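Data block below; observations after.
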């Protein structure tokens, strides 16, 4: 049972950190590429794997749910974010509200991450010395 508790704690910490990084990582210039990769992996999971397992599928959620079921937990929400709100904050919010919150946060984060990564790329490209004009 202790291994299940360790796995549960790991998923709560890692998955929560991943979510927080996904929605804030673009704020830190050195982390922007990693943030974009995290967001693209999330999109690939939600929409790519989602074609097979259901829209919004996340392997981290699936694995955590397996651990929680082994610990005897039942009646888990469909959304991991809804689970976090209930477990960490003690708030029970409607699933539809959570879905909207997650969709908006993800969409805005992706737009900002892509925009800032493109801007950073253009700035780096423009600041490189042009070898064609060297004397």
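Against the main long axis of the alpha-carbon atoms of the chain, helix 32-43 sits at an angle near 50°.
Once divided by 2.2 N^0.38 Å, the Cα radius of gyration of the chain becomes 1.34. Taking a point 7 Å out from the Cα of residue 14 in the direction of its Cβ, the residues of segment 45-78 whose backbone N falls within less than 17 Å of it are 45, 58-70. Viscosity 0.890 mPa s, temperature 25 °C: Stokes-Einstein D of segment 71-129 from its Kirkwood Cα radius, in µm² per second? Here the translational diffusion coefficient equals 172 µm²/s.
Using a simple spin-label model with pseudo-atoms 7 Å out from Cα toward Cβ, residue 99 and residue 1 lie 3.7 nm apart.
So what is the relative contact order of segment 1-76, in percent, for Cα pairs below 8 Å that sit 6 or more residues apart?
Relative contact order, segment 1-76: 32 percent.
Per residue, the average separation of C-alpha pairs within less than 8 Å and at least 6 apart gives the chain a relative contact order of 28 percent. Considering helices alone, the calculated mean residue ellipticity of the chain at 222 nm is -21500 deg cm²/dmol, with DSSP H runs of length four and up weighted by -39500 (n - 2.57) and normalised per residue. Annotation for segment 86-124 versus segment 1-62: alpha-carbon center distance of 12 Å. As a rough guide to protection, the peptides 42-49, 122-129 ranked by mean Cβ packing within 10 Å, highest first, stand as 42-49, 122-129. Relative to the longest principal axis of the Cα atoms of the chain, the long axis of helix 2-24 makes an angle of roughly 40 degrees. Can you tell me which of 39, 51, 112 moves the most in a GNM of the chain? Springs connect C-alpha atoms under 10 Å apart. The residue with the greatest mean-square fluctuation here is 51. The angle between the Cα long axis of helix 95-127 and the longest principal axis of the Cα atoms of the chain comes to about 20 degrees, rounded to the nearest 10.
Every number here is computed from the coordinates shown, using simple stated rules; none is lab data. What you see is a predicted model, and the numbers here were worked out from it, not measured in a lab. As a convention, Cβ positions derive from the backbone with ideal geometry for all residues, glycine included, and neighbour counts pool all protein chains shown.
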